[in-house]
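Working notes, structure below.
The values are calculated or read from the model by the stated rules, or taken from the named source; none is laboratory data. Keep in mind that what you see is a predicted model, and the values were worked out from it rather than measured. Here the Cβ is made from the backbone with ideal geometry for all residues, glycine too, and neighbour counts use every protein chain on show.
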Ligand SMILES: Cc1ncc(COP(=O)(O)O)c(C=O)c1O
């Protein structure tokens, strides 16, 4: 047996990938499993972006680029940030990576010394705590609840700060809840970050998927925050480009230079063709983004109403992203189809085995008592899936 380092042995497989893997295995056995586990838009990548990638290949843009990304893309990211947030960044303050997940890994790798603590607000995107641990940091969880619309409580965050705390991670719109942090909470949080001299990592990959006429607010725009904020973003969700692997971080030049050095040793540049495609995504027509967002909003309206109609299910109204995170704790301690339900994992296992519906247990996101349904799939699938869930939950 080849030795595996302890730091890697202790990493669990991602809860979302695991749920999707099981669903795929059942599909391969010929079972008609409906998967609500994956976190990627079901729309095709827009044609203008595909064409830009073809052009890049035809023009032999197939060689190493600057490790932190091509200047054209970095400039486009700065222009977009100026346009959407009114914040001025230079290309030297941008590091383009192979997806936002890679950006986050680079950030933690650049920032954390052993034992440094990072506050993560639960429910959280599955990868934050494991990435923090991978780089010898300590994730410190602060809980939020559906009853409070998953709004972080700034006093709770303040109580979690110690002399080892270096950063706080926020993600709005949020995966897995779809929650959008209110501007009052963001303002109080920013004041805390300044007072305690911390860094705020703001994961904004769902910023273009907002409902009910909301517009995106970044904490980087708040007083004294630009110099202590790192914005994480990418093209995966906004442009249905999950497989292309382009994300980026925007932050103070000194940190970004160090982060780029780390990346230059680990992977060098992200894929050159995907970078040119991402440039087209940011600078080309934006109507595909609006159409996707409208479709997600219609699905959200349907799915929230349908879930709330099921006895024992409580569901908040997501302000963005493409997830709902219903509270199913009313089923704990009950029997469904002869099985004891004690946890969100028991419930999602039951739904997969008996109703052939795949969803992700809340425990994977640091929030027992809930499960995540991604509505990045057709209306027909959503209707059929909700019917199956309703039937399965009414079997006492
Ligand atoms: C909150 C959040 N951040 C980051 C990512 C990673 O995105 P990328 O595909 O750019 O690596 C995801 C993907 O699911 C996500 O949900």
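For this structure, a couple of remarks:
- Condition met for residue 320 (more than 17 Å from residue 145 (Cβ to Cβ), in contact with a strand residue (DSSP E or B) (Cβ under 9 Å, 6 or more places away or on another chain) and without any contact (Cβ under 8 Å) to a residue 24 or more places away in the chain): no
- Meets criteria (assigned by TED's automatic domain parsing to the domain that holds residue 205, away from the ligand (no atom under 16 Å from the Cβ) and surrounded by fewer than 21 Cβ atoms within 10 Å (Cβ to Cβ)) for residue 93: no
- Of the residues making up the stretch 96-143, those that are within 15 Å of the ligand (Cβ to nearest atom), in contact with a strand residue (DSSP E or B) (Cβ under 8 Å, 6 or more places away or on another chain) and within 30 Å of residue 308 (Cα to Cα) are 120, 121, 122, 123, 124, 125, 128.
- Filtered by the rule that a residue be free of Cβ contacts under 8 Å to residues at least 40 places away in the same chain, touching a helix residue (DSSP H, G or I) at 6+ places or on another chain (Cβ under 7 Å), over 19 Å from residue 89 (Cβ atoms) and within 15 Å of the ligand (Cβ to nearest atom), the stretch 180-236 gives no residues.
- If you go through the stretch 22-40 and keep only what is buried (at least 17 other Cβ atoms within 10 Å of the Cβ), away from the ligand (no atom under 16 Å from the Cβ) and under 20 Å from residue 242 (Cα atoms), you end up with just 23.
- Under the condition of being surrounded by fewer than 18 Cβ atoms within 10 Å (Cβ to Cβ), free of Cβ contacts under 8 Å to residues at least 40 places away in the same chain and farther than 19 Å from residue 316 by Cα, the residues counted in the stretch 151-179 number 5.
- Selection from the stretch 235-259 of residues that are closer than 22 Å to residue 63 by Cα and buried (at least 22 other Cβ atoms within 10 Å of the Cβ): 235, 241, 244, 246, 247, 248, 259
- When 304, 360, 289 are screened for being touching a strand residue (DSSP E or B) at 6+ places or on another chain (Cβ under 9 Å) and within 16 Å of the ligand (Cβ to nearest atom), only 360 passes.
- Among the candidates 14, 10, the residue that is under 19 Å from the mean Cα position of the chain (by Cα) and either within 18 Å of residue 380 (Cα to Cα) or surrounded by 10 or more Cβ atoms within 10 Å (Cβ to Cβ) (or both) is uniquely 14.
- Meets criteria (under 22 Å from residue 372 (Cβ atoms) and in contact with a strand residue (DSSP E or B) (Cβ under 7 Å, 6 or more places away or on another chain)) for residue 150: no
- Considering residues of the stretch 368-383 that are assigned to a helix (DSSP H, G or I) and out of contact with any strand residue (DSSP E or B) (no Cβ under 6 Å at 6 or more places or on another chain) only, the residue surrounded by the most Cβ atoms within 10 Å (Cβ to Cβ): 382
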